[in-house]
Amino acid sequence: MKATQNPSQSRDTAILRWTLEETAELLAARGLAEWSIYCQHKVLLTAAFDAETVIPSVHVVYGIALQTRISGASRRIQVAALGTTAVQTISQWLTNDLSEAESLAPYALSEASRPTAAGLLESGKPTRHGFLEACGPAAYGLPKAGRPTADGGLAGPSSLTEQHVATVGRLVELAEAARLDLASGDPLLRPEGRAVVILETVATRHHEGEPRTACRDRSRLAFHVLDPRTGRRGFCGPGFPGPDAPPLPIGRRTADTARAALCLGETPVSAPDGDVPVVFAPGVSGMLLHEICGHLLEEDVAAHPGTPLRHGERVACPDLTVVDDPADPSSWAATHVDDVGNTARPVSLVTEGTVTGSLSAELRPGGHARRADYRFPPLPRMTTTVLHPGPHDPTVVIGDSSGGVFVHSIASAWCDPRSGRFTLHVDQARLIGRDGPGPPLQPFTLTGETTATLRTIDALCGDSGHVDARCAKQNQLVPVRTVGPTMRSNRMTSQPRPQK
C-alpha cells in the first residue's frame, strides 16, 4: 500500500521536540547528569464490530516519561500532558523533589474507554462527526493544539483532523464488509473484530545523546468468526505499516481467510496424544522461535545465570538462523529508533545453530528498548523476528511426516524463562496422512523444553511467510511480526484439549 502523509504529524513532532528540549534544559539547570526522556503522542482510530453493529471510536494517548537520579536515588515521573503543561509539572516535581509514588497518582492517564452495555464508550462524547472521541485533549483541561502560550511555549498535542474523520470512515467501511463476509448467509455464525489505524509519534533523548524522533504509523485488521455448532473459531489479523486504512479488497481477503479457518463442511477429529512430528506453516514457525528462543534471549532473561540458552552454545542444526530486525520497513512493528533513543539495527540471536546475540534495552546500539506507551518502563523486546529459510522442499517434508500434525495457527503461547518449558495452544491444524494434510484437528496443546525442542528441528524449507500479532510481557502489549519458512520438529508432545 502507498502511504499518504499525515498532516498532523509535523505539529505533533514539533510539540514533542519542544517538550523534550525544554525538559532537558530543566534537568541541566538542576545539575542532573543522568536522565532519559520519552514523549509520545498516539491516536487510535478504530471501527469495532459484531454480528449486529459497527462502533467507531477515537482514543488519544499522549504524555511524557522522565527517569533520572536525584540524590543518588532513581526517580521516575509520567505526566499525561505535553507542551507547557508537561514542562511546568516536571519543573514543580524537580523543585519539590517528590517521590515516585507521590508523583505518579495525580498525572497518570486514565485507562482506555470500554464499550458499555449500551454500546457507548464510558468516557466518550458524541462529536459532530457522528462517532465517539474517547480521550481528547479537552478531557485533561489542555488548551488547543500547537497554540503558543503567553510564555512562548506550546500547549497540547494536535486535535482531531478531517483526515482522522476520513480514516475512521474507511475503517467503518472495512468493518461493515467484514461483518457481512464473515457470516456470508449463515445466520448462526458470529462475526466480531476490529479495523484499527494507529498514528504514533515519539521523541526521546538521554543524557549522552541527541533528540531522536520516530513516526510509527500502522494499521491492523483483526477479524474473528465463531461457529457455535462446532466451537471452532476462525481468525486472521494482518498488520500494515503506514497511516492509511487497508483497502477494501485486502479487508475482504482477510475475512475470507478467517472464515476458511472454520473448515465448514468438515468434521474435526481429536489430536494425537503423545509425541508426534510437527510441521509448522510459514510464519507460524517464526512464532515458535519467537516464544522458545527470542524471549529467552531478551537481556532481562538472558543475563540470569540459570537461563537455558547461553552465548556461544550450539543449540540447533546448522540450517537454523534467527535474526530480530526492528527496522524492517515492511513490518507493521517497524521503527528506526527505539524507546531510549538507540538506532534500530538487526541483531543475530542464533547463527547456524549457535547462540550469538541477545536483545538489550540499555543505551547502546540495537534498537530493542520498547514500551507499550509512556506510562511503562522500557523493556528489551523483539520486533520483527526472522527465521531464515533452509534447503528443504515443503512438499517432501510434509509427505515424510505421516502421523504428525501440520500447524496453521497458534492461538497463544507461554514459555517459562527459567526452565525453558513451554506450552503452545494450537487452534488450527490438520492431521498429516500418507497423502499430505488430512482432516482438521480439534484444539490441542504442544509442550516441550526449549533446548530439547531446538535439537528436534530437522527441516527448514525454502518458502517463507509471516504472522502479525501483539506480544505481552509484564503487562505491556507491543506489535510484533514473525517471519519463517515451513519447518519440522521431529518430536513434540501433543495433548488434546477437553472439549466444551
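Just check region 242-339 against the gyration tensor rule for me: Cα atoms, a ≥ b ≥ c as the square roots of the eigenvalues, rounded for a/c under 1.5, and otherwise prolate or oblate depending on whether a/b exceeds b/c. Don't skip to the answer; put the middle values down first.
Numbers: a/c = 2.81, a/b = 1.22, b/c = 2.30.
Since a/c reaches 1.5 but b/c is at least a/b, the shape of region 242-339 is classed as oblate.
Using the Cα centre of region 274-496 as the reference point, and only Cβ charges (+1 on K/R, -1 on D/E), how large is the resulting charge dipole? Debye, rounded to the nearest 20. Intermediate values should be presented prior to the final figure.
Working: 18 positive and 24 negative charges, 72 e Å.
So the magnitude is around 340 debye.
Run the numbers on region 274-496 and let me know its relative contact order in percent, using alpha-carbon pairs under 8 Å that are six or more apart.
Result for region 274-496 is 29 percent.
Given +1 on the Cβ of Lys and Arg, -1 on the Cβ of Asp and Glu, and no further charges, what dipole in debye does region 266-401 carry about its Cα centre, rounded to the nearest 20?
Dipole magnitude for region 266-401 comes out near 520 debye.
Let me know the shape class of region 274-496, please: from the alpha-carbon gyration tensor, a ≥ b ≥ c as square roots of the eigenvalues, rounded when a/c is under 1.5, otherwise prolate if a/b is greater than b/c, or oblate.
prolate
Cut-off is 10 Å between beta-carbons; in what order do Glu52, Glu449, Glu298 appear when sorted fewest neighbours first? Walk me through the numbers before you get to the answer.
On the way: Glu52 8, Glu449 16, Glu298 22.
So the ranking, lowest neighbour count to highest, is Glu52, Glu449, Glu298.
With each pseudo-label sitting 7 Å past Cα toward Cβ, what's the Arg434-Asp186 distance in nm, one decimal?
3.1
Each value in this text was obtained by applying a stated rule to the coordinates, not by laboratory testing. Note that the structure is a prediction, hence the values are computed from the model and not measured. Neighbour counts are summed over all protein chains in view; Cβ atoms, including those assigned to glycine, are modelled from backbone coordinates with ideal geometry.
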